[in-house]
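Each remark here refers to the structure printed beneath this line.
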Amino acid sequence: MSTLTLKPWVFLAGLFTALPAQADTYYEMSGKVTADLRYFTQDAQFEGQDYDTNLSFTVEPEFFWEWNDGTDSLTFTPFLRVDERDSERTHADIRELSWVHIGDDWELRTGLRKVFWGVTEFQHLVDVINQTDAVEDFDGEDKLGQQMINLSLVRDWGIIDLFLLPGFRERTFPGEEGRLRAGVVVDTNRAEFESGAGENHIDTAVRWSHTLGDFDLGAYWFHGTNRDPKLLARDINGQTVLVPFYEQMDQLGFDLQATIDSWLWKFETIHRDTRSENFWAAQAGLEYTFYGIRDSAADMGVLFEYGWDQRGQEADAAIQNDIFLGTRVTLNDAESTELLAGISHDLDYDSQSVIIEASRRFGDNFKLSIDGRFFSTDNPADLSYSIRKDDHLQLTLERYF
Amino acid sequence: MTLLNNPFKALLIVGLVTAPTITLAETPEEKGLRIAEEAKASDLGWQDMQAEMNMILRNKQGQESVREIRMKSLEVESDGDKSLSVFDKPRDVKGTAFLSFSHPVGADDQWLYLPALKRVKRIASRNKSGPFMGSEFAYEDLSSFEIEKYTYKFIRDEACDGGECYVVEQYPVDKNSGYTRRVVWLDQEEYRPWKIAFYDRKNSPLKTLTYHDYNEYEGKHWRPNLMKMVNHQTGKSTDLTYGSYQFKTGLSDKDFNKNTLKRAR
């Protein structure tokens with residue numbers, strides 16, 4: 001189970017002064033439960049992974065209160081996953097526990113929250129506030145709640161977001177029984193930090209975002225603990241384990257999307273400065289959508305992106321010189337049937353991966369998805385070498401309430 | 001001389017004398033445009049509006065599915081309206097919100113908020129002809145009426161559910177529209193639409209929309225409680241019911257930006 005260091009003082013002080021008179025409070029509960037079954041098509045590479053199927057369940061309710069005519073609200077979203085095989089993947093998190101107060105042209109958001117920045121589809125380079133919940137999936141899209149005080153100001157020249165981030169969430173990693181991991185298990189109990197304050201370092205960020213005609217753009221500066229750890233080999237009781245080491249960093253980020261007719265042009269770039277390195281990285285691409293294919297209601301989008309990292313093959317990021325090609329088909333039917341398929345090709349290591357995601361609603365409250373991930377590499381220097389035997393299909397049933 | 005001592009009256013007389021000739025010279029195109037302008041003018045000044053939208057989608061077999069949406073709109077002088085919609089049902093898209101700045105000419109600005117990822121996406125608005133939430137309503141059927149979006153032709157006067165109606169053909173200006181034309185029945189008293197017949201890109205009959213249960217708000221703004229869209233080519237239909245209409249609630253520009261989109265719920 002991951003540890004959660006919630007700092008109640010972060011928001012409770014303000015919350016209690018704003019608490020509602022019961023009669024005026026609007027309350028609502030919603031959420032979902034899911035069951036997913038993974039089928040691995042190949043025998044595993046590493047010890048502890050000797051299985052083909054894995055069953056997993058999640059529950060994620062959302063409790064919501066609103067008062068003072070909607071100017072104050074509280075959202076609580078706990079999350080629990082129970083995994084058949086991997087004790088590290090069995091974990092709980094508070095995705096959100098936050099109080100939002102709305103002023104005339106400002107908002108104060110306090111508590112555990114999730115923030116997304118960026119425009120590209122195959123990599124989320126500029127998205128920096130939340131830690132990745134890496135046991136959920138290897139695509140990096142699942143995030144842990146981050147404690148924050150976020151003041152957001154709406155001005156004619158854009159939206160300014162000021163962040164104070166008291167405390168840090170460590171990345172989750174698959175355990176010994178988990179698949180989709182490196183050959184050596186990451187021991188998350190032995191994390192090391194550059195900062196003497198460790199996980200209590202207070203990070204800060206400021207972001208400006210704005211829309212100018214067809215262009216949506218954003219720029220930020222982040223100062224604090226790098227969400228991406230260096231993995232250091234350590235000898236613990238005669239056994240080699242990987243230990244996450246979290247450095248301090250300053251990062252500048254910029255993102256831009258131009259929306260012109262059926263075209264979306266996307267660009268993200270970061271400059272990251274840490275004790276051990278100092279580099280630029282970028283992800284850029286385009287998306288074109290064909291609407292109403294063959295006089296049907298269906299749309300088909302075609303996506304192309306390129307990811308680059310100045311560190312090249314020295315990078316501890318999976319994307320350093322990679323191209324991506326994808327297609328998104330939406331039937332626009334009553335069941336919201338969708339299909340996304342993509343292939344990535346690493347130009348340095350000559351390796352590929354393929355993703356397929358299809359989903360459809362059944363009845364009013366159920367959704368069924370089928371995902372497939374396939375990896376192909378024969379270069380041990382490639383980061384995806386350790387998951388090359390982890391091709392899998394996943395069937396997910398979601399029940400919304 | 002007594003008549004001319006008041007220039008206003010003189011103007012009136014000149015107007016009265018010349019007006020019949022203008023009417024006689026009016027072409028069907030000019031009359032169609034004039035009716036559209038009068039219809040638009042009759043509804044100006046609503047300022048802002050909030051309502052709940054409920055859709056019942058029916059397929060050919062009669063199977064139903066439900067969409068629930070809450071919406072806010074803002075009247076914008078000399079531009080298209082701004083609107084913010086939040087989806088409540090189906091539950092898998094609950095919290096998904098849609099922000100739109102419409103423009104009489106050119107592409108609308110549209111953003112979608114995806115609550116699971118907390119992501120705001122600017123989306124292409126080129127897809128006017130696509131179905132809204134899998135329903136028989138296309139996006140263009142739900143966007144605000146602007147004079148510049150069509151060219152017009154008056155066809156005839158005809159009795160309709162609203163009394164005596166103007167029947168006007170409207171030809172979409174936007175090449176991305178899914179229609180070659182719409183035939184609209186507007187009553188002559190209040191310029192309320194009662195029926196619209198849609199013709200597809202091949203000019204074949206596609207859909208018919210009928211308006212029911214009009215109520216008057218703020219003394220001049222007529223809104224239907226029910227709109228029924230029937231697709232003649234697929235046999236599917238969608239009933240769109242509106243409820244909890246509220247006008248002039250004090251919404252402003254500040255209620256329509258990416259921050260309000262993210263917390264629309």
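Bear in mind that the values in this text are calculations on the coordinates, not laboratory data. From a predicted model like this one, the values you see are computed outputs, not experimental measurements. In this analysis, Cβ positions are derived from the backbone assuming ideal geometry, glycine residues included, and neighbour counts consider all displayed protein chains.
Things to note:
- For the range A:59-205: rounded, prolate or oblate by the Cα gyration tensor [a/c cutoff 1.5]: prolate
- 22 Å Cα-Cα threshold exceeded, pairs from A:K266/B:K118; B:K89/B:K121; A:K32/B:K128; B:K94/B:K149; B:K31/B:K175: A:K32/B:K128; B:K94/B:K149; B:K31/B:K175
- Chain A, helix-only ellipticity at 222 nm - DSSP H runs n ≥ 4, -39,500 (n - 2.57), divided by all residues, nearest 500: -500 deg cm²/dmol
- The C-alpha atoms of chain B define a longest principal axis, and helix B:7-25 lies at about 70 degrees to it.
- The charge dipole of the range A:20-105, taken about its Cα centre with unit charges on the Cβ of Lys, Arg, Asp and Glu (plus for the first two, minus for the last two), comes to roughly 280 debye.
- In the elastic network of chain A, a GNM with C-alpha springs shorter than 10 Å, the most mobile of A:G301, A:G103, A:G140 is A:G103.
- Think of chain A as having a plus end and a minus end, set by charges on the Cβ of Lys, Arg, Asp and Glu; of A:P166, A:S376, A:S386, A:P166 sits farthest toward the positive end of this dipole.
- Using C-alpha pairs under 8 Å with a sequence gap of at least 6, the mean separation divided by the residue count of chain A gives a relative contact order of 12 percent.
- Translational diffusion coefficient (Stokes-Einstein; Kirkwood radius from C-alpha pairs) of the range A:197-309 at 20 °C, 1.002 mPa s, in µm²/s: 123
- Extension gain, B:D213 to B:H103, is 36.7 nm, computed as 0.36 nm per intervening residue step minus the present C-alpha separation.
- Here the protein assembly as shown is treated with +1 on each Lys and Arg Cβ and -1 on each Asp and Glu Cβ, and its dipole about the Cα centre works out to around 1340 debye.
- Within the shell of other residues whose beta carbon sits under 12 angstrom from the beta carbon of B:Y199, the net charge comes to +3, with Lys and Arg scored +1 and Asp and Glu -1.
- Between A:D295 and A:L368, the FRET efficiency from the beta-carbon distance, with R0 = 30 Å, is close to 0.60.
- Chain A: C-alpha gyration tensor shape, a/c 1.5 cut-off, then a/b vs b/c: rounded
- Three-way shape call for the range B:181-240 based on the alpha-carbon gyration tensor, with the a/c threshold at 1.5: oblate
- Unit Cα scatterers, Debye sum, chain B: log10 I(q)/I(0) for q = 0.07 Å⁻¹: -0.29
- Taking a straight line from the alpha carbon of B:K248, these lysines sit under 19 Å away, with near neighbours fewer than eight places off in the same chain left out: B:K40, B:K72, B:K82, B:K220.
- Value in Å of the Kirkwood radius, where the range A:288-377 supplies the Cα pairs that are averaged: 14.9
- Each Cα pair under 8 Å and six or more residues apart adds its sequence gap; the mean of these over the residue count of the range B:120-209 is a relative contact order of 19 percent.
- Each stretch of four or more DSSP H residues adds -39500 (n - 2.57); spread over every residue of chain B, this sum gives -5000 deg cm²/dmol at 222 nm.
- Taking the range B:40-262 and dividing mean pair separation by its residue count, relative contact order in percent (alpha carbons under 8 Å, at least six apart): 20
- Summing Lys and Arg as +1 and Asp and Glu as -1 over all other residues whose Cβ lies under 14 Å from the Cβ of B:E30 gives a net charge of -2.
- Remark: the A:Y39-A:F215 segment gains 59.1 nm on full extension, using 0.36 nm per residue and subtracting the alpha carbon distance.
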